[in-house]
């Protein structure tokens, strides 16, 4: 995989790392802040499964995502959690038919600030033809930037 297939963004969140982590790994609630996406995991169907390594997460991104699976105008991204280090890091492997590669959520506590803020590093490395990445990268980054800002606002408001 070449460097051109790596996508990365960062957002600052004015909440302690443990609060940010709890919101981040509540997979179903990602539907509330991830642009045009419906997210769920096997935890929603099987309460005996513990969140962590090996958990399967599904994200449908497209038009009218709330109507999935009745309306399938988009792409289903299937992921497996392969690294679980609460409250600092979660790595996933994209194992779907269309989207392949890796993804990382990493949180770093800003302990020197009085508010106890957190830096959220998001990154993906997508296995796809370079032309595909070159065309879609700006749109993907814009969508993720909007989503991360929505996430930060949601987490910051939740503590008020």
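Count of the range 48-85 residues, restricted to those that are part of a loop (DSSP other than H, G, I, E, B) and under 16 Å from residue 38 (Cα atoms), is 6.
Can you find a residue that is over 15 Å from residue 148 (Cβ atoms), under 12 Å from the mean Cα position of the chain (by Cα), at pLDDT 95 or above and part of a strand (DSSP E or B) anywhere in the range 10-27? No, that holds for no residue.
To keep it simple, each residue is scored yes or no on (1) under 15 Å from the mean Cα position of the chain (by Cα); (2) at positive phi; (3) in contact (Cβ under 8 Å) with a residue 24 or more places away in the chain.
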{"residue": "44", "(1), (2), (3)": "no, no, no"}
{"residue": "53", "(1), (2), (3)": "no, no, yes"}
{"residue": "61", "(1), (2), (3)": "yes, no, yes"}
{"residue": "70", "(1), (2), (3)": "no, no, no"}
{"residue": "99", "(1), (2), (3)": "yes, no, yes"}
{"residue": "124", "(1), (2), (3)": "yes, no, yes"}
{"residue": "133", "(1), (2), (3)": "no, no, yes"}
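Those residues that are touching a residue at least 40 places away in the same chain (Cβ under 8 Å) and under 25 Å from residue 53 (Cα atoms), I need them from the range 103-122; list them, please. Selection gives 105, 107, 108, 109, 118, 119, 120, 121, 122. Considered as a group, the residues in the range 86-104 that are modelled with pLDDT of 95 or more and either part of a loop (DSSP other than H, G, I, E, B) or touching a helix residue (DSSP H, G or I) at 6+ places or on another chain (Cβ under 6 Å) (or both) include one that is surrounded by the fewest Cβ atoms within 10 Å (Cβ to Cβ), and that residue is 88. Note on the range 30-48: among residues that are out of contact with any strand residue (DSSP E or B) (no Cβ under 8 Å at 6 or more places or on another chain) and modelled with pLDDT under 95, the one that is surrounded by the fewest Cβ atoms within 10 Å (Cβ to Cβ) is 48. Residues considered: 136, 141. Of these, the only one that is exposed (fewer than 15 other Cβ atoms within 10 Å of the Cβ), in a helix (DSSP H, G or I) and at pLDDT 95 or above is 141.
The values are calculated or read from the model by the stated rules, or taken from the named source; none is laboratory data. Computed from a prediction, not measured in an experiment: that's the story for all the values here. Cβ sites come from the backbone with ideal geometry, for glycine too, and all protein chains shown count toward neighbours.
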